[in-house]
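The values are calculated or read from the model by the stated rules, or taken from the named source; none is laboratory data. For clarity, every value in this text was computed on a predicted model and none was experimentally measured. So basically every Cβ, Gly included, is an ideal-geometry build from the backbone, and we count neighbours across all protein chains shown.
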Amino acid sequence: MTTRLVTFLGKPHNGSYSPVRHQRAGITGPDTCFAAVSLAHFLELGANDEVRALATEAAWQVPDASGQPHGARLTAALAEHGRPVPPTPDPFLEPGEQESHYWQHFQVLRAALAPGATTSRIVLDLTHSFRVHPLLAAAVLSYQRALEPRKADIEVVYAAFETVPKGAPVPLWDLTPLVELADWTWMLTLFLRTGRAEDAARTVQALGRTQRADWARGDRAGPPPSLERLGKALEEFGGALTTVRTGALLHGPHGKAAGLVRSLEAARTEVEQAFPPLAAMLTRVEDMVRPLPCDDLASPEGHRSVAALARLYLDLGRHLEAMATVREGWINQYAPPEAIRPGGTLLGAGVRENAAKDRWFVAQPETAPSVTGKRNDLLHAGYTGGGSMSAERVATAVRQEVDRLHSSVPAATFLNISNHPSAGWTETQLQAARGLAPEVMDLPFPDVLPSASLAQVEALAEELVAKVPAHVRVAMVAGESVLSFAVIARLQAREVRCVAATSMRQVETEADGTRRSRFDFVGFRDYPTLTLGGT
């Protein structure tokens with residue numbers, strides 16, 4: 001396999017480039033006027049590799065201070081160091097005097113960056129390019145990524161003359177992460193818009209393997225990189241999503257949605273360090289996935305998860321999958337628990353269809369036929385009588401059914417577990433609570449006897465947590481410390497966000513000298529993640 005170095009040759013203002021010594025990865029190269037010569041040295045280009053120079057005819061032919069044509073000077077410098085020499089550019093770049101010339105530059109650059117059958121790596125040197133060429137290069141790479149399968153690794157470098165004092169080694173900056181950022185952004189955007197995760201998963205897994213290899217070769221400080229696991233989780237989630245494997249997606253701690261959320265949380269620090277701009281993209285992925293996991297599809301929590309999945313399919317433009325999920329979501333409310341998890345042993349006996357016919361259609365004589373008819377129309381490509389409906393009407397009808405399923409889901413609740421009823425809260429505290437979940441409800445914090453053993457406190461925690469409804473998303477826990485710890489750990493295990501109220505103490509002195517204290521609510525603070533340990 002070969003390496004191709006693509007470089008630009010400009011027209012220096014003073015007739016010649018100044019000789020410098022370039023530096024890459026702490027290694028200093030030979031004295032040369034051309035970054036391409038240093039790169040050929042660092043890359044150890046041999047007879048099987050190639051160099052391509054992109055230049056206007058004027059830049060190639062203009063004589064330098066010694067009277068030698070600029071292109072010939074570059075060719076001679078490469079030959080002197082035993083490196084491959086570029087052919088005369090064919091075609092030359094247009095002079096750039098008209099806007100149309102830059103479309104020609106685009107095509108020339110596209111041809112230079114198109115990998116050949118044996119090309120394994122392409123290095124693009126932007127050091128001596130014109131101002132517009134970095135932008136054109138980014139456009140070409142995006143274009144190729146979208147239309148052509150990539151068969152070569154791409155590296156982009158630039159000699160940063162302006163960053164060092166005169167006479168000091170000039171660093172060759174590696175701009176490749178900017179190209180990789182574009183790759184990540186495009187692939188994650190594809191996933192966020194369509195649910196297709198193959199490309200994003202492949203890219204993340206490849207980067208994860210590289211980071212794991214670097215970690216293994218180094219001092220192995222800290223835990224091993226987790227990006228490879230994130231790539232695998234993306235792949236599994238995307239596969240289950242696009243094939244509508246509802247149980248595999250939603251159900252339990254081993255569900256693909258729960259696995260992807262865990263992997264995103266584990267990889268966040270690595271991504272923030274390696275690709276800071278991507279942290280926001282991963283937050284969007286997490287926001288998309290977090291509403292999906294549930295412990296039991298037969299519970300109200302499971303109903304909410306199925307409705308969230310229907311909404312996700314709708315947002316992705318997958319109307320058939322959305323309607324299929326809506327229909328099954330309704331049947332889940334009328335089927336026995338053992339027939340609700342997809343793949344259950346009773347499915348083959350028609351238990352779900354019997355639940356639909358005997359209970360759903362009876363309880364909802366308008367909704368059930370409407371949902372089933374729309375699902376069938378999409379499933380059978382309009383051959384069931386709905387083929388005359390426009391795409392816009394179909395999309396509107398699907399959205400209405402998704403909304404109707406969502407309206408049947410209990411609202412997410414903020415649970416106040418304390419001895420301070422929410423009826424006595426200030427409006428500021430109530431608004432802050434409703435900002436976390438739209439409904440606020442109270443659950444009194446029980447008294448704990450001073451003589452209670454740890455086992456008794458833990459039993460009290462189990463009893464209290466059993467009273468927490470499935471639709472609770474956030475809980476304020478305030479009470480005796482040991483019981484609070486036990487309750488918080490159990491709620492967090494159910495993925496309930498636990499918070500404490502923070503306040504500012506205000507002391508007022510009365511006319512008679514009496515000092516009175518009041519506590520003004522400031523906000524809610526998350527508890528750290530707790531574990532049950534051996535309990």
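Taking residues in the range 60-76 that are assigned by TED's automatic domain parsing to the domain that holds Pro91, and partners anywhere that are basic (Lys, Arg), the pairs with Cβ atoms closer than 6 Å and at least 6 places apart or on different chains are Val62/Lys11; Asp64/Arg73.
Could we say that Gly67 is at pLDDT below 95, part of a loop (DSSP other than H, G, I, E, B) and not aromatic (Phe, Trp, Tyr) here? Yes; evaluated as a whole, the condition is true for this residue. When the residues of the range 113-128 are filtered to those that are in a strand (DSSP E or B) and at pLDDT below 90, the one that is nearest to Leu93 (Cα to Cα) is Thr119. Taking the criterion of being part of a loop (DSSP other than H, G, I, E, B) and not basic (Lys, Arg), the residues of the range 135-191 that qualify are Glu148, Pro149, Ala152, Ala160, Val164, Pro165, Gly167, Ala168, Pro169, Leu175.
The set of residues in the range 398-431 that are buried (at least 19 other Cβ atoms within 10 Å of the Cβ) and among the aliphatic types (A, V, I, L, M) comprises Val398, Val402, Leu405, Leu415, Ile417. Each residue in the range 324-345 was checked for being more than 22 Å from Glu366 (Cα to Cα) and at pLDDT 90 or above, and 0 pass. Scanning the range 473-485 for residues that are within 26 Å of Ala411 (Cα to Cα) and aliphatic (A, V, I, L, M) yields Val474, Ala475, Met476, Val477, Ala478. Exactly one residue out of Ala452, Ala511 is without any contact (Cβ under 8 Å) to a residue 12 or more places away in the chain, aliphatic (A, V, I, L, M), surrounded by 13 or more Cβ atoms within 10 Å (Cβ to Cβ) and out of contact with any Phe, Trp or Tyr (no Cβ under 9 Å at 6 or more places or on another chain), and it is Ala452.
Counting only helices (runs of 4 or more DSSP H) wholly contained in the range 226-278, the ones carrying 1 or more residues that are under 27 Å from Leu175 (Cα atoms), free of Cβ contacts under 8 Å to residues at least 60 places away in the same chain and not aromatic (Phe, Trp, Tyr) occupy 227-242, 256-274.
Yes/no per residue for (1) touching a His at 6+ places or on another chain (Cβ under 7 Å); (2) polar (S, T, N, Q); (3) touching a residue at least 24 places away in the same chain (Cβ under 8 Å):
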residue: Asn376; (1), (2), (3): no, yes, no
residue: Ala395; (1), (2), (3): yes, no, yes
residue: Val402; (1), (2), (3): no, no, yes
residue: Ser407; (1), (2), (3): no, yes, no
residue: Gly424; (1), (2), (3): no, no, no
residue: Met441; (1), (2), (3): no, no, yes
residue: Ala459; (1), (2), (3): no, no, no
residue: Val472; (1), (2), (3): no, no, yes
residue: Val482; (1), (2), (3): no, no, yes
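The residue list Val474, Val440, Val468 contains one member that is outside any strand (DSSP E or B) and either exposed (fewer than 15 other Cβ atoms within 10 Å of the Cβ) or of a type in the set (A, V, I, L, M, F, W, C) (or both), which is Val468. Scanning the range 78-85 for any residue that is assigned to a strand (DSSP E or B) and at negative phi turns up nothing. All conditions in (1) touching a residue at least 12 places away in the same chain (Cβ under 8 Å); (2) closer than 16 Å to Leu415 by Cα hold for Ala466, with the sole exception of (1).
When the range 40-59 is filtered for residues that are among the charged types (D, E, K, R) and either more than 39 Å from the chain's Cα centre (by Cα) or outside the structural domain of Pro86 (by TED's automatic domain parsing) (or both), only Glu57 remains.
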